[in-house]
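The values are calculated or read from the model by the stated rules, or taken from the named source; none is laboratory data. The structure displayed is predicted, hence computed values, not measured ones. So basically every Cβ, Gly included, is an ideal-geometry build from the backbone, and we count neighbours across all protein chains shown.
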Amino acid sequence: MLLQQIFRTKLSALVLSFVVSIFFWGNSFAQFIYEPSPKPRQITSITEFSFFQHSEPTPKEPVPGLDAESKVIKPSHKSAFLAAVLSLALPGLGEYYVGDQIWRGIIFTVVDAGLWYERYHFIGRGNDSVLAFHAFADSLWLPQKYADSLNSKLAFAGSSFRITEVDDVTQINMAEDSLTRLRFQNFTHRLPDKGSQQYYELISKYIQFTYGWKDFHDIDPTHFSADYERHAFMRENMNHQFEIGDYFLYGLFLNRILSAIDAALLARDHNTPFHLEGELQERRYPDGMMGFVPTAKLKYTF
C-alpha cells in the first residue's frame, strides 16, 4: 500500500510537472511570436524606488516654429521686378504680392476701377451721341435737295450733265467734279456713301453740303442754316465724349506705371535690413504741460 501511494504520488507529480511545463512553454512561445515581455526594472534601493515612482516623463522634442527658443524666421525676399510686372497687369497687385502697406495697393486698385468706369461711361455717351447724330442727318439732310442744287448750277454754267439718281453717289461726285472744273467755289470734297461715318461728318463740316439741309433757302452757302449749325454742334459734342474717354484711357496707363514703380520700391524696402520709423510720442514737459515729441526709430533685421 505504501509503495502504491508513493508511486501514485510520483506519477501525479510527473503529470503535474508535465502540465506545468507545457503551460509555461506555450506561454513563452506565444510571447515570442507576438511581443516579448520587456525586461523588468531592477530596484536596488528604497531611494531608487522613490525616484522611479516620482520621475517625470521624458520631454518631447521641440517643434520648429512653436518652440519659444526657436530661431526667428527672416522675412521672405520679394522680387522688385515681379512686383512691377504684377502692378502693370493690375494696379495694386504688386503691392499685395509684397505684403507691406496694403493700403497703397488698395488706392491704386480703386483708382483703376474708377478710371475704367468713367471710360466706359463716356464711351457709352459717345455711342449714344453717334446714334442721335445719324438720326438727325437722316431726317433733315435731303440728298434730293442737294442734287437739285448741283443740277441748277450745272445748268447755269451751260453743262449738259445732270444727276438723275440722287442715291447714286457716283453721279453726285461727277457733278461736284464738273463744278470744280467750272471754277465754282467751295466744292472741295466728294460725298461719301450714305450711312458711313464720314458721310455724316462731312455734311456737318463743309459748307458745300449746306445746300442739302431742309431749312436752307439761299443761294449763298455761307449763310449757315440752323439745322447745319445744330448738326455741327452735335458732331463736336460726340467727338468730345470720345476724347474724354481717351483721357481716362491715358489715366489707366499712367496709373499702371505709377503702381509698378511704387510696387518695385516697396519690394526694395521690404528686402532691406534697415527700417526707419517715425512717430509722435506724448511726453510731459518740465513745466508739467503735456505735448508731443517727434521720434525716429531705426530697425535692423538680421
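Does residue 161 meet the test of being over 20 Å from residue 235 (Cβ atoms), part of a loop (DSSP other than H, G, I, E, B), modelled with pLDDT under 90 and of a type in the set (A, V, I, L, M, F, W, C)?
no
Looking at this structure, is residue 259 at pLDDT 90 or above, buried (at least 19 other Cβ atoms within 10 Å of the Cβ), more than 27 Å from residue 156 (Cβ to Cβ) and of a type outside the set (A, V, I, L, M)?
The answer is yes for residue 259.
Just one of (1) of a type outside the set (Val, Ile, Thr); (2) at pLDDT 80 or above; (3) farther than 19 Å from residue 80 by Cβ; (4) in contact with a strand residue (DSSP E or B) (Cβ under 9 Å, 6 or more places away or on another chain) trips up residue 269, so point out which.
Result: residue 269 fails condition (3) only.
Determine, yes or no, whether residue 190 is farther than 24 Å from residue 238 by Cα, in a loop (DSSP other than H, G, I, E, B) and not small (Gly, Ala, Ser).
The answer is no for residue 190.
Only residues that are farther than 9 Å from residue 262 by Cβ and surrounded by 13 or more Cβ atoms within 10 Å (Cβ to Cβ): list them for region 108-117, please.
Matches in region 108-117: 109, 111, 112, 114, 115, 116.
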